[in-house]
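Contents: one structure, followed by commentary.
The values are calculated or read from the model by the stated rules, or taken from the named source; none is laboratory data. This structure is a prediction, so every number in the text was calculated from the model and none was measured. Note that each Cβ is placed from the backbone with ideal geometry, even for glycine, and that neighbours are counted across all protein chains shown.
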Amino acid sequence: MKVKTLFACTSCGAQFHKWCGQCALCNEWNTVEEQFPAVPKQQASTPLPISQVEIKEDVRFSSGFEDVDRVLGGGFVQGSFVLVGGEPGIGKSTLLLQIAHHLALSGKTVLYVSGEESVSQISLRAKRLGALSDNLLIFNEIQYETICYQIETIKPNLVIIDSIQVLQCQNALSSPGSVAQVRELASKFMQLSKSLNITHIIIGHVTKSGEIAGPRMLEHLVDCVLYFEGETKQQYRFLRGVKNRFGSIHELAVFEMKTKGLEEVKNPSSLCIQHRGTNSGACISCVVEGSRAVLLEIQALVAPTHFPSPMRKTQGFDHNRLSLLLAVMEKKLGLRLFTYDIFVSIAGGLKVQDPALDLSVCMAILSSLKNKRIDPLTLVIGEVGLSNEIRAVDNVEKRLKEAKNLGFQKVILPKQKVDESFKQSLELISLERLDTIVSTFFH
């Protein structure tokens, strides 16, 4: 049978029938390469009534980290296929090597396959982390067929692939890291994981935009997608679940990078606000990540600009959301913010997209603009609408409980139903419109 030649973009995965210098989908140059897609095998299957399907309870085992187990929904599911993505140098290999060590100490066999580092390099890191164990097997190989043979021979409880972008398969006639290679390898590892009932963890590189490199099919194929985030120059890291077929998503685990590896941070709220400022431009808010409420500090700086186009910079906060809030403040509060450069940052390196931060961002900007400080024991939560209203937020009682536990005295929140017990320990100030905060707090 004649093999049909296709051309695919290595950046976004778009396919073309002929070569072109620039991808028409993502506009990247010199990313279109020739691909030779593998012919799919037809497998016969028999439909089965859903009432006759035998349901088996998932067999789970712990990762050795309590917070990682919570992100996974209760630990690793036997036979699951997990994808871990993150920027280079963020600590993905360190985290998985520590997880492998915990499992090896519990008597499970772990196979760590690395295509980027030699066996001696992995051994040196394991020695530094104190992760030496006879049940932890390390293997340096990039050929899938050789890796598959070792997995079928050893039959470990956990397989770690570091990383899928450097491996290659004989069925895909293209260079390692290409769309065809990643697609073929992901399909084969998934079939191997399900057929042998062995948990597989694969590490994926990320692009400049922060997404996992390769085709989008890679994230659709796996059972669980975890993102390891943080600033490389800071010691704190964040593990976030964005897809989980065996549990809830958007759970958060916080780690601190030390000389002996990563250590869990049991109380991330105290971490994010421990260095809270007492000057203008700082405001404390609360986000809910999965089942956990986390307090964090919003910092804003408003400075006069000498250029026609003012600067708008954000760190950890959505830039488009900031533009929306500034437009509302200019329209409804009558502020001439187009004459100022505005910078908004979330202290600690955490990236969040909770709309409950809207009101705190507005108050931080007003605090910097008016040069008036906000009481550091005041919590601010609320979503700001386009028509000046302050909208209710979800999980408000969970946020109030976290504020109460950390000694906060006052909470500024939307006008919504709240348990009466919180009114005994917290001073609750309910607001309905954004323009009332100027006359109430910045008069």
Here the residues within the stretch 155-201 that are in a helix (DSSP H, G or I) and either polar (S, T, N, Q) or not assigned by TED's automatic domain parsing to the domain that holds GLY64 (or both) are GLN165, GLN181, SER187, GLN191, SER193, SER195
Kindly indicate whether any position in the stretch 363-374 is at pLDDT below 90 and assigned by TED's automatic domain parsing to the domain that holds PHE317.
no
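Using the structure shown, decide if SER120 is small (Gly, Ala, Ser), more than 18 Å from GLU256 (Cβ to Cβ) and without any contact (Cβ under 8 Å) to a residue 12 or more places away in the chain. Step through it out loud before you land on a result.
Values: small (Gly, Ala, Ser): yes; more than 18 Å from GLU256 (Cβ to Cβ): yes; without any contact (Cβ under 8 Å) to a residue 12 or more places away in the chain: yes.
In short, yes.
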When (1) loosely packed, with under 14 Cβ neighbours inside 10 Å; (2) within 30 Å of LEU124 (Cα to Cα) are applied to ILE202, the one that fails is (1)
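Provide a single number: the residues in the stretch 280-310 that are under 11 Å from PHE343 (Cβ atoms) and either among the hydroxyl-bearing types (Ser, Thr, Tyr) or surrounded by fewer than 19 Cβ atoms within 10 Å (Cβ to Cβ) (or both). Let's see the steps before the verdict.
Initial filter on the stretch 280-310 (under 11 Å from PHE343 (Cβ atoms)): 281, 299-303, 310.
Narrowing further to those that are either among the hydroxyl-bearing types (Ser, Thr, Tyr) or surrounded by fewer than 19 Cβ atoms within 10 Å (Cβ to Cβ) (or both): 301, 303, 310.
Number of matching residues: 3.
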Among residues of the stretch 109-127 being of a type outside the set (Val, Ile, Thr) and modelled with pLDDT of 95 or more, the residue farthest from THR153 (Cα to Cα) is TYR112
Over the stretch 187-216, the set of residues hydrophobic (A, V, I, L, M, F, W, C), at pLDDT below 90 and touching a Leu at 6+ places or on another chain (Cβ under 7 Å) is ILE212
All conditions in (1) among the aliphatic types (A, V, I, L, M); (2) surrounded by 18 or more Cβ atoms within 10 Å (Cβ to Cβ); (3) part of a loop (DSSP other than H, G, I, E, B) are true of LEU132 except (2)
Look at LYS127 and say whether it is assigned by TED's automatic domain parsing to the domain that holds LEU262, among the basic types (Lys, Arg) and not in a helix (DSSP H, G or I). no
Scanning the stretch 240-292 for residues that are within 16 Å of the chain's Cα centre (by Cα), assigned by TED's automatic domain parsing to the domain that holds LEU377 and either assigned to a strand (DSSP E or B) or polar (S, T, N, Q) (or both) gives VAL287, VAL288, GLU289, SER291, ARG292
